[in-house]
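Read through the structure below, which is laid out as structure tokens, and then see the notes.
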Amino acid sequence: MHNEKIKEIESELKSIFEGSIDQKRLEELKVEYMGKNGKITVLNSLIKDVPNEEKKEFGMKVNELKNTFNTKYEEIKERLEEELINEKLESEAIDVTLPGTNILSGSAHPIERIIESLENLLMSMGYDVVEGPEVEKDLYNFELLNLPKGHPARDAQDTFYIKGDEYLLRSQTSPVQVREMLKGEGKEPIRIICPGKTYRRDEDDATHSHEFTQMEGLLVDKNITLGDLKGTFEEIAKMLFGKGRSTRFRPSYYPFTEPSVEMDISCFNCNGKGCNICKGTGWITVGGAGMVNPIVLRNCGYDPDKWNGFAFGFGIERLAMLKYGVEDIRVFYMNHDVRMLKEFDRREY
């Protein structure tokens, strides 16, 4: 009787395995025959009813049946998995003759382009790049630069004060120059540029921002003239706006320089003939500069009878607007589309 049960299951399995089986059916068979209450598993519980002299033979046949099922199960499972992989490979085949996917990539931001260009030029002329804190003391931002408390020029800067009137968000990068002069202790020549963020209480519009980028330069040595400053500016103007640019100085006023000048370039749109960009003058102002005020030199430990020098400063956003033909400063910090950056590749001189 028990041997007949084994033969019955063997016959069932032979018929089943000779037919077509998919993955789902295969797993159902495993549960049906080898699960907790499966047909082959249940045979083990029948061994107690088998006469003692037949137990060994019965047990061997049950184990053979288990091995037969497991072997066949693994063969079919492996075959089905291979067929599935082949189907995927065929359906997902790559046509190597098709053109590649154009992956959108960004480019250098126009503000960073201007900063790097200026740094590369001025470092080749012997300048060091120096940075300083954006949260600054009034002492460095104003007082040592010949802007004592109550000075009218402070109103034009409209500063963000943080703690009383002692700490503020720097309104210019000039404090970095002050710190470097104090380090020099009146004994060492200085040749530095200071790029960085600055802050003023401006209403944001097409040409103004409460947060903007400056780059200032300082050279302190002996026997420096306004001609040295003019030559430096000419190199900067030609690098940024093309070799055909002419430059000029116009008298101006800054508390930390004396004499002070506005730095102009000939209009790159009309070549000096007069247009809407240069407001009919043929010239465009790009920055301010001058010889370092003797008061500032003395405040920072340098004897103005022995030392002199010049300082200059640019608004980087203004330079970028002029160079790339941008009419709204907000383009530089409100547009996060990388396609906008690519546009500036086409606007390089």
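The values are calculated or read from the model by the stated rules, or taken from the named source; none is laboratory data. Predicted model only: the values in this text are computed from it and were never measured. All Cβ positions, glycine included, derive from the backbone under ideal geometry; neighbour counts span all protein chains shown.
Numerical summary
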read-out: Hey, Arg200 touching a strand residue (DSSP E or B) at 6+ places or on another chain (Cβ under 8 Å), over 28 Å from Tyr302 (Cα atoms) and not acidic (Asp, Glu) or not; value: yes
read-out: Residue in segment 267-287 that is farthest from Gly217 (Cα to Cα), counting only those that are touching a strand residue (DSSP E or B) at 6+ places or on another chain (Cβ under 6 Å) and in contact (Cβ under 8 Å) with a residue 12 or more places away in the chain; value: Gly272
read-out: Close pairs (7 angstrom Cβ cut-off, 6 or more residues apart or separate chains): surrounded by 12 or more Cβ atoms within 10 Å (Cβ to Cβ) in segment 18-29, in a helix (DSSP H, G or I) anywhere; value: Ile21/Ile76; Gln23/Leu80; Leu26/Tyr73; Leu26/Ile76; Leu26/Lys77; Leu26/Leu80; Leu29/Ile16
read-out: Single unsatisfied condition, Phe160 versus (1) without any contact (Cβ under 8 Å) to a residue 12 or more places away in the chain; (2) in contact with a Ser or Thr (Cβ under 9 Å, 6 or more places away or on another chain); value: (1)
read-out: Scan of segment 42-65 for residues that are closer than 22 Å to Phe17 by Cβ and either in contact (Cβ under 8 Å) with a residue 60 or more places away in the chain or in contact with a helix residue (DSSP H, G or I) (Cβ under 6 Å, 6 or more places away or on another chain) (or both), ordered by number; value: Leu43, Lys61, Val62, Leu65
read-out: Strands (runs of 3 or more DSSP E) lying entirely in segment 195-276 (those with 2 or more residues that are more than 23 Å from Gly132 (Cβ to Cβ)); value: 247-254, 257-266
read-out: Hits in segment 177-194 - residues which are surrounded by fewer than 23 Cβ atoms within 10 Å (Cβ to Cβ) and either in contact (Cβ under 8 Å) with a residue 24 or more places away in the chain or over 14 Å from Asp128 (Cβ atoms) (or both); value: Arg179, Glu180, Leu182, Gly184, Glu185, Gly186, Lys187, Pro189, Ile190, Arg191, Ile192
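Matching residues to (1) touching a Gly at 6+ places or on another chain (Cβ under 9 Å); (2) among the β-branched types (Val, Ile, Thr); (3) modelled with pLDDT under 90:
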residue: Ile224; (1), (2), (3): yes, yes, no
residue: Tyr254; (1), (2), (3): yes, no, no
residue: Lys273; (1), (2), (3): yes, no, yes
residue: Lys279; (1), (2), (3): no, no, yes
